[in-house]
Amino acid sequence: MAEGLYATQGLLNWPFFSILISWVHQLTSLSLETAGFVLNGLLFILLTDALVLISSLLVVTPRQLIIAAILILGFAPINEFRDFIIRDPGYWAFTSLALYHFILFLNSPSFKAATLWQAFMTIAILFRVEGSLLLLGLPLYLLFIRKPIEGLKQVAQSSYLLVIGITSAITPLLNQPDLVSTFGKIHKCF
């Protein structure tokens, strides 16, 4: 990491996960590989918890929730990835948490739910740039399920952090050539 952010681009095309593994490695003195496995393990736990939270909004009885939790824990496609050090569990976990809070916002609009859904989606974007499409597009769903004025109001409410973040970050980010080149994959998403 002596070369900074630009060097992390050589490890992964989207460097946040590499940086996170390195940070865990430095904090714990675990090898980089073990730090990656520990981090992935924690992210899979978070993903499982997020999926159970979403299920709790959809099922009626505790028995159904237990069955949903067992299905989530035994879901083969997710379990196949548990042995790899990849950035996807972080993306899945934080996207699932964001969706949970967006569903809460749909049911009862509040600034807490709006803030949490945007914060978790922003963290998900740090793992995979494709999350930016959800962050930008999901609030538009409100225009289809609400009356026009109410929908516009809730789109603004559910996107306020995005608007504030973009307007306050543009100038400082453009003045950092390492950041622009390292995270240059963003423009390819659009």
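Some points to look at:
- Restricting attention to the stretch 87-115 and to residues that are within 9 Å of the chain's Cα centre (by Cα) and among the aliphatic types (A, V, I, L, M), the residue that is farthest from E130 (Cα to Cα) turns out to be L97.
Residues checked against (1) within 14 Å of P139 (Cα to Cα); (2) assigned to a helix (DSSP H, G or I); (3) open to solvent by 10 Å² or more (accessible area, probe 1.4 Å); (4) in contact with a helix residue (DSSP H, G or I) (Cβ under 9 Å, 6 or more places away or on another chain):
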| site | (1), (2), (3), (4) |
| --- | --- |
| F81 | no, no, yes, yes |
| P89 | no, yes, no, yes |
| F94 | no, yes, yes, yes |
| Y100 | yes, yes, yes, yes |
| I103 | yes, yes, yes, yes |
| L106 | yes, yes, yes, yes |
| A114 | yes, yes, no, yes |
| F120 | no, yes, yes, yes |
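- Taking each residue of the stretch 16-37 that is without any contact (Cβ under 8 Å) to a residue 12 or more places away in the chain and looking for partners that are surrounded by fewer than 16 Cβ atoms within 10 Å (Cβ to Cβ) with beta-carbon atoms closer than 6 Å, six or more apart or interchain, yields S18/L11; S18/L12; H25/L32.
- Summed over the stretch 152-176, the residues that are more than 19 Å from A119 (Cα to Cα) and not in a helix (DSSP H, G or I) give a count of 2.
- Of the residues making up the stretch 129-155, those that are farther than 21 Å from G165 by Cα and loosely packed, with under 14 Cβ neighbours inside 10 Å number 6.
- Failed item, numbered, when E3 is tested on (1) open to solvent by less than 80 Å² (accessible area, probe 1.4 Å); (2) on the phi < 0 side of the Ramachandran plot; (3) modelled with pLDDT under 85: (1)
- Enumeration of residues in the stretch 35-73 that are open to solvent by 60 Å² or more (accessible area, probe 1.4 Å) and more than 22 Å from L106 (Cα to Cα): F37, V38, L42, I45, P62, R63, Q64, I66, I67, I70, L71, L73
The values are calculated or read from the model by the stated rules, or taken from the named source; none is laboratory data. Because the structure is predicted, anything quoted here is derived from the model rather than measured. Glycine gets a Cβ as well: all are built from the backbone with ideal geometry, and neighbour counts include every protein chain shown. Calculation scope for accessible area: heavy atoms of the full protein, side chains included, ligands and nucleic acids excluded. Shrake-Rupley method; radii C 1.70, N 1.55, O 1.52, S 1.80 Å.
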